[in-house]
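Since the structure comes first, as structure tokens, the remarks are kept for the end.
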Protein chains: 2
Amino acid sequence: MLKLYDDEFFMRQAIAQANLAAADGEIPVGAVVVSNDRIIARGHNQTERLNDVTAHAEIIALTAAANYLGDKYLHDCTLYVTLEPCPMCAGALAWGQVSRIVYGANDDKRGFMRFGRELLHPKTKLEFGVLHEECGALMTSFFTGRRG
Amino acid sequence: MLKLYDDEFFMRQAIAQANLAAADGEIPVGAVVVSNDRIIARGHNQTERLNDVTAHAEIIALTAAANYLGDKYLHDCTLYVTLEPCPMCAGALAWGQVSRIVYGANDDKRGFMRFGRELLHPKTKLEFGVLHEECGALMTSFFTGRRG
């Protein structure tokens, strides 16, 4: 059976969020939170606009999802994000007990995986590499553009 | 010479913040941000009230300080917090490049030190154990009260 809503579908929605960040001169990272095949929250990096180092795509999407649900725990939710979360975001997602995290491109320098999966909640499932080329290209073109 | 404003003085202000959290039924953690011997921001844990897992004392104080300074980096600032920060907060403080962190009580289970100081910015100075008995007693009496 054809599955309309798969990980690639939702990662494309996260990429659309990242493009909003890029258009605003922000480091292009985007995220969506999905529950029962529905997007319940979106976020893109706004650290410059909000003058706030914590305004990462994941944090914005996580808090928006909690508002939507009226529950600070994101059980039965998947967070899609274009880039490997940083330790701050991994820690926030752990507190939020997100059921599943799917990220696109690796972030070897700033990503949480350097510290290990123990930063996440033990029940959180993790997947990565979905549309990693498109997700990585967002970052490459942003930083190439800045140096140009 | 008598030093009016020392680490204990400011930690007592963080404890006052923690008491505000306790009075509100929140896990009693408080924080202040100090620049040039002046408190520029305060925060206490509000995860229940705000229904937001990211509303830790440190995050609230960090973003309030950035608002006050008009600068998302907290150079020349010390953050005092009653409890060892969690990895989320350590990661946020790293992004904020806080000059110095002073915490009171250890948090062996949830604290960032399990993952090591690499979670902090390399330039951030770290001190701990200031008024650790008072800071730890806040937590003990809160959780004892909840079990009672």
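Within this structure, A:Gln17 fails the test of being outside any helix (DSSP H, G or I), surrounded by 18 or more Cβ atoms within 10 Å (Cβ to Cβ) and in contact (Cβ under 8 Å) with a residue 24 or more places away in the chain. Taken over segment A:48-69, the criterion of being within 10 Å of chain B (Cβ to nearest Cβ) and surrounded by fewer than 19 Cβ atoms within 10 Å (Cβ to Cβ) is satisfied by A:Glu48, A:Leu50, A:Asn51, A:Asn67, A:Leu69.
Taking segment B:70-86 as the range and being within 11 Å of chain A (Cβ to nearest Cβ), in contact with a helix residue (DSSP H, G or I) (Cβ under 7 Å, 6 or more places away or on another chain) and of a type outside the set (A, V, I, L, M) as the test, the residues that pass are B:Lys72, B:Pro85, B:Cys86. Return the residues of segment B:52-92 that are touching a strand residue (DSSP E or B) at 6+ places or on another chain (Cβ under 8 Å), free of Cβ contacts under 8 Å to residues at least 40 places away in the same chain and among the acidic types (Asp, Glu); say none if nothing qualifies. Within segment B:52-92, just B:Glu58 meets the criteria.
Out of A:Ala55, A:Ala105, I need the residue that is of a type outside the set (Val, Ile, Thr), touching a Ser or Thr at 6+ places or on another chain (Cβ under 7 Å) and closer than 28 Å to B:Asn67 by Cβ. Which one?
Numbers: A:Ala105 fails: closer than 28 Å to B:Asn67 by Cβ.
Exactly one of A:Ala55, A:Ala105 is of a type outside the set (Val, Ile, Thr), touching a Ser or Thr at 6+ places or on another chain (Cβ under 7 Å) and closer than 28 Å to B:Asn67 by Cβ, namely A:Ala55.
Can you report the number of residues in segment B:25-45 which are buried (at least 21 other Cβ atoms within 10 Å of the Cβ) and of a type in the set (S, T, N, Q)? Of the residues in segment B:25-45, 1 are buried (at least 21 other Cβ atoms within 10 Å of the Cβ) and of a type in the set (S, T, N, Q). Pairing residues of segment B:103-127 that are touching a residue at least 24 places away in the same chain (Cβ under 8 Å) and within 14 Å of A:Met88 (Cα to Cα) with residues that are in a strand (DSSP E or B) and of a type in the set (A, V, I, L, M), at Cβ distances under 9 Å and at least 6 apart in sequence or on separate chains, gives B:Arg110/B:Leu83; B:Gly111/B:Leu83; B:Leu120/B:Ile101; B:Leu120/B:Leu126.
Here, each number is a calculation from the coordinates, and none is a lab measurement. Note that this is a predicted model, so its numbers are computed, not measured. Ideal geometry is used to build each Cβ from the backbone, glycine not excepted, and the neighbour counts take in all protein chains shown.
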